[in-house]
Amino acid sequence: MERKKTIYFTCITTIFGFMLAVQLQTTSHPKVRDTRDIWELRADLKKEQQLQRQLVLEIGDYEEKLRNYKQKQRSNQEAVLHETVSELEQEAGLTKIEGLGIVLTIEPFYSDHYVGPIAETVSPELLHRLINELNMYGAKEIAIAEERITNTTAIRDVNGATKIGDSKISSLPITVKVIADDAKMLCNRLKVSTIRDDFVVENLQLTISEPLTSVVIPPSKEKWNVKYMETVKAEKEEK
């Protein structure tokens, strides 16, 4: 009998201890409930909406900055392209140029006792020799009889007349305009050069001016015929 009482007491004590443990566990970790009322919920919702609008505005601002940056990049590329085209035109002699330089004058020259034909033009060979001399002494740009001299300018004899490009030298005197970085040195070297004697041999006189602060050289009148090139459609840039 005593043994049964002991077993009952043990079982009851175990059940009671288990229930007590469950109660303590529930008390130590209570379930969190949202105790905010409707007004607090509305206020929090308004804050979240305001934060969302602010983020949207910031995203729009950054996108606008990105568009402006890309537009500036394109503008800079166009500016660089225009600058490159301008430089190439200058190198090709397609633009007017002004700078320090000298002016040479070619005119007939005869001694007091000269008897013979009168020179009415300048031979292409003599002009080539003059151009080579000018280039050797630092000439940057040259114009003969208002015709710009470039790397492709032809100076030749056509039926007894000297032609520079498509223009004929019809009569004397003619002027030769030269631009150089050091016009004074160019002038001094020409004065001691033998090039003037070469002109005298052909009954011509080459007069050299003093350095000038402003010499204007016109653009080339040459026409460029492109035979073997054609435009190509630009490919779309990969994103």
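Values quoted throughout were computed directly from the atomic coordinates according to the rules given, and no laboratory measurement underlies them. Because the structure is predicted, anything quoted here is derived from the model rather than measured. Every residue, glycine as well, gets a Cβ built from its backbone with ideal geometry; the counts of neighbours run over all protein chains shown.
Here are the numbers:
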{"quantity": "Residue under evaluation Gln205, criteria (1) within 21 Å of Met136 (Cβ to Cβ); (2) surrounded by fewer than 18 Cβ atoms within 10 Å (Cβ to Cβ); (3) touching a Phe, Trp or Tyr at 6+ places or on another chain (Cβ under 6 Å), criterion not met", "calculated": "(1)"}
{"quantity": "Segment 154-177: number of residues that are surrounded by 12 or more Cβ atoms within 10 Å (Cβ to Cβ) and over 15 Å from Arg129 (Cβ atoms)", "calculated": "11"}
{"quantity": "Counted residues, segment 183-196 - those being more than 12 Å from Arg129 (Cα to Cα) and either exposed (fewer than 14 other Cβ atoms within 10 Å of the Cβ) or among the aromatic types (Phe, Trp, Tyr) (or both)", "calculated": "4"}
{"quantity": "Subset of segment 79-110 [outside any strand (DSSP E or B), surrounded by 14 or more Cβ atoms within 10 Å (Cβ to Cβ) and not aromatic (Phe, Trp, Tyr)]", "calculated": "Gln90, Ala92, Gly93, Leu94, Thr95"}
{"quantity": "Hits in segment 171-220 - residues which are among the charged types (D, E, K, R) and touching a Ser or Thr at 6+ places or on another chain (Cβ under 7 Å)", "calculated": "Glu202"}
{"quantity": "Qualifying strands (runs of 3 or more DSSP E) (wholly inside segment 126-198; at least 3 residues being more than 17 Å from Pro211 (Cβ to Cβ))", "calculated": "147-149, 155-158, 161-164"}
{"quantity": "Some residue of segment 172-180 being over 13 Å from Leu104 (Cα atoms) and free of Cβ contacts under 8 Å to residues at least 60 places away in the same chain", "calculated": "no"}
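Listed here are the residues, each with its yes/no results for (1) among the polar types (S, T, N, Q); (2) within 24 Å of Thr175 (Cβ to Cβ).
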site: Lys46; (1), (2): no, no
site: Gln49; (1), (2): yes, no
site: Glu58; (1), (2): no, no
site: Leu94; (1), (2): no, yes
site: Ile97; (1), (2): no, yes
site: Leu100; (1), (2): no, yes
